[in-house]
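The values are calculated or read from the model by the stated rules, or taken from the named source; none is laboratory data. None of the values given here were measured: they were computed from a predicted structure. Reconstructed Cβ throughout: ideal geometry from the backbone, glycine too, with neighbour counts over all protein chains shown.
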């Protein structure tokens, strides 16, 4: 496997039986090893075991699926930006944590930033931890602890507070942890918390005036019908883009279609997830007129209400509340146990939710003075990364692997950055100046 690194996990259980006989180790007794995948082709070869792991991992969502992560890498990362931590028990894949890598310079004084892959465009960064999440999370935490000793800072984003990964990071003494941003709270509907979910949804619908408003809408525009899986995904997304643009304008609201690069990713990732049975686009119609469009992500009996839009000209009929009601009724009837309404302080979500998920993000670095220096360089690396993502959001990049720009790295070497000759604080200053004055050069420095 290209670019792999193996590290034994700290706990290796052994089993012994009668004298003279040692049975083969069971799943929990096999030693774990970590391999880092840095080549996209190698990662694509893991799709089958990766998908199996996705379905065996607690707290997993479609944001961790191959269809989402691989599409994200192709749209927003460069060849040197793939860094996927995989955990193995023998030949079995038991853990996977994808990161995006940004590096400043080369040699012993180079600095590296890892960021949970896809989390700028998805809601969760929880890695896949398989049937033994605590043990696998410790193996990943141990690996990250070795990286921070090599001038690396890791931004681990949007981890569930009730998940094993955050607990493992907090228990690892070799990691210094700095909080990033605020604690995020997602509104969640848990159907198993209601004695009679159908009755509860009917009651909520009446409370928010959905039946009355839908009768008025039908009188004005024709029969109201909810289509949970629109057969023409791209046409439905065209309608969604139009609704968002008319409601929010070009610079506000959900950024799904804001920029050609972001729109291309939105469409391709949803198509890929839909092909794997993990996404669908739903529409609410009145006669021949679209009223609302929503995107749903699904994994087993857990669903995520990814995004929604409604026709602002029909706002008097409460289309947002109507879409929510129809969506939840369909989700319950299709066998879902929960629908995650995602993070965001939107009162309309709270009107339907009966549970919450909490996530936190942390920056990991080496303890002590060395880690302090690395955290200072981290700001320059984050600036370079943000600039690159903004450019790719506006304009899609070419085929993965075609943007090496080696001549820019040569210029960077003359500045004393790519050669690793500059001290970290100097590198930070120069990198910030270069990124501000020469975007193309800043892009190359983040290779």
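Can you find even one residue in the range 145-152 that is outside any helix (DSSP H, G or I) and closer than 30 Å to residue 325 by Cα? Working first, answer last.
The initial filter retains those residues of the range 145-152 that are outside any helix (DSSP H, G or I), namely 149-152.
Now narrow it down to the ones that are closer than 30 Å to residue 325 by Cα: none.
The answer is no; no qualifying residue exists.
For the range 186-211, how many residues meet the condition of being more than 17 Å from residue 302 (Cα to Cα), crowded, with 18+ Cβ neighbours inside 10 Å and in contact (Cβ under 8 Å) with a residue 60 or more places away in the chain?
Of all residues in the range 186-211, those more than 17 Å from residue 302 (Cα to Cα) come to 195-196, 198-211.
The next check asks that each one be crowded, with 18+ Cβ neighbours inside 10 Å; those that pass are 200-201, 204-205, 208, 210.
Pick out the ones that are also in contact (Cβ under 8 Å) with a residue 60 or more places away in the chain and you get 201, 204-205, 208, 210.
The total comes to 5.
From (1) at pLDDT below 90; (2) surrounded by fewer than 18 Cβ atoms within 10 Å (Cβ to Cβ); (3) closer than 27 Å to residue 259 by Cβ, pick out the condition that doesn't hold for residue 382.
Single failed check for residue 382: (1).
Among the numbered conditions (1) more than 19 Å from residue 172 (Cβ to Cβ); (2) over 13 Å from the mean Cα position of the chain (by Cα); (3) assigned to a loop (DSSP other than H, G, I, E, B), tell me where residue 118 comes up short.
Of the numbered conditions (1) more than 19 Å from residue 172 (Cβ to Cβ); (2) over 13 Å from the mean Cα position of the chain (by Cα); (3) assigned to a loop (DSSP other than H, G, I, E, B), the odd one out for residue 118 is (2).
Among the residues of the range 315-341, write down those that are surrounded by fewer than 22 Cβ atoms within 10 Å (Cβ to Cβ) and in a strand (DSSP E or B).
338
Across the range 276-291, what is the total count of residues that are touching a strand residue (DSSP E or B) at 6+ places or on another chain (Cβ under 9 Å) and either farther than 19 Å from residue 65 by Cβ or assigned to a strand (DSSP E or B) (or both)? Give the steps one after another, and end with the answer.
The first filter runs over the range 276-291 and keeps only residues touching a strand residue (DSSP E or B) at 6+ places or on another chain (Cβ under 9 Å), leaving 277-287, 290-291.
Subsequent filtering for residues that are either farther than 19 Å from residue 65 by Cβ or assigned to a strand (DSSP E or B) (or both) retains 279-287, 290-291.
Adding up the residues that qualify gives 11.
Which of (1) in contact with a strand residue (DSSP E or B) (Cβ under 8 Å, 6 or more places away or on another chain); (2) surrounded by 13 or more Cβ atoms within 10 Å (Cβ to Cβ); (3) within 30 Å of residue 360 (Cα to Cα) is the odd one out, the single condition residue 271 does not satisfy?
(1)
Test each condition in (1) over 26 Å from residue 130 (Cα atoms); (2) in the same structural domain as residue 136 (by TED's automatic domain parsing); (3) at pLDDT 95 or above for residue 156 and report the one that comes out false.
The one condition residue 156 does not meet is (1).
Only residues that are out of contact with any helix residue (DSSP H, G or I) (no Cβ under 7 Å at 6 or more places or on another chain) and crowded, with 24+ Cβ neighbours inside 10 Å: list them for the range 117-139, please. First the steps, then the outcome.
Within the range 117-139, the first condition is being out of contact with any helix residue (DSSP H, G or I) (no Cβ under 7 Å at 6 or more places or on another chain), and the residues that meet it are 119, 125, 135-136, 139.
Scanning the range 117-139 gives 125, 136, 139.
Kindly check whether there is at least one residue in the range 37-57 that is assigned to a helix (DSSP H, G or I), closer than 19 Å to residue 118 by Cα, in contact with a strand residue (DSSP E or B) (Cβ under 9 Å, 6 or more places away or on another chain) and modelled with pLDDT under 95.
No, the range 37-57 has no match at all.
Any idea which of (1) in contact (Cβ under 8 Å) with a residue 12 or more places away in the chain; (2) under 17 Å from residue 48 (Cβ atoms) is the one residue 75 doesn't satisfy?
Looking at each condition in turn, residue 75 falls short on (2).
Quick one: in the range 212-228, which of the residues that are farther than 19 Å from residue 282 by Cα and in contact with a helix residue (DSSP H, G or I) (Cβ under 7 Å, 6 or more places away or on another chain) is surrounded by the fewest Cβ atoms within 10 Å (Cβ to Cβ)?
The selected residue is 216.
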